[in-house]
Every structure is written in C-alpha cells, then in structure tokens.
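K.L.:
One structure, as structure tokens, below. Some questions next.
All of the numbers you see were taken from the coordinates with simple rules; none came from a lab. Keep in mind the model is a prediction, meaning the values are calculated, not measured.
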C-alpha cells in the first residue's frame, strides 16, 4: 500500500468516527522520522481510544500493521507509528497544550478534502 493510500484510509477512518479538527502535515523534508503527521482529537478519552481502534482496524484489514503505539493507557495523547505516517490522536485539552501544529509549522499543511 502506498503512503497516499494509507493517508487516505487513516483520514477516512478518523472522519468516520467523528474525529475533530483532522490535520495532515507533510514533514518528510524536515525530518527522517516520518513523511506525514496526522493529528486529530476526540471529545473524551473513550472517544480517543475509539478513534485509534478504528484506524488500527481499517489499516490491519488492508494488511498494514502499526509498528508501535504509545499512550493508550492514559488515552489523552495516543501516537501510532506506521513508519511513513505517524498518527497523533489527542484529547482536546492536551492537543491545545502541546500544539504540534505550531511546533511543526515549517511542514506543509495538506488539504484533506481530497482524502475524504
């Protein structure tokens, strides 16, 4: 599966479970850790877990397994590493606190309308 196909599947999975404020940032020119960050938030810790579960389910159905997941226990910031894409799912207040969009503002914001 290509990076773009994975990106589309991740964004659709998040959108299908009512993730809020989905953002995609292209960071491949800035770092070697990934090509893209996908950032979204849920309305509760239960919602954030549900969003992560849906992303994991949709990608695993296509044979793509997460390399590593962090933060599931607290569920206020869960990071899923798919190698070329890192998915960050936050509880709203925690997202505001860390503000990854500002930290990675040198990255290129991707219009997700073409991914939905």
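K.L.:
GNM on the chain, C-alpha springs below 10 Å: top fluctuator among 68, 47, 88?
P.N.:
Evaluated over the chain, the most mobile residue of the options is 68.
K.L.:
So if I take the centroid of the Cα atoms in the range 4-38 and the same for the range 75-109, what is the distance between those two points in Å?
P.N.:
The range 4-38 and the range 75-109 have Cα centres separated by 10 Å.
K.L.:
Next up: Using only the alpha carbons of the chain, determine the length spanned along each of the three principal axes and report them from longest to shortest in whole angstroms.
P.N.:
Here the spans come out as 33, 32, 26 Å, largest first.
K.L.:
Could I ask something else about it? Just to be sure I understand: with springs between alpha-carbon atoms less than 10 Å apart, which residue in 11, 38, 72 has the highest mean-square fluctuation in the Gaussian network model of the chain?
P.N.:
Largest GNM mean-square fluctuation: 72.
K.L.:
Can you tell me what share of the DSSP beta bridges in the range 3-112 is antiparallel? A percent to the nearest 5 is fine.
P.N.:
Bridges in the range 3-112 that DSSP calls antiparallel: roughly 70 percent.
K.L.:
Let me ask something else. Tell me what the chain gives for mean residue ellipticity at 222 nm when only DSSP H runs of n ≥ 4 count, each as -39,500 (n - 2.57), the sum divided by the residue total, rounded to 500 deg cm²/dmol.
P.N.:
-11000 deg cm²/dmol
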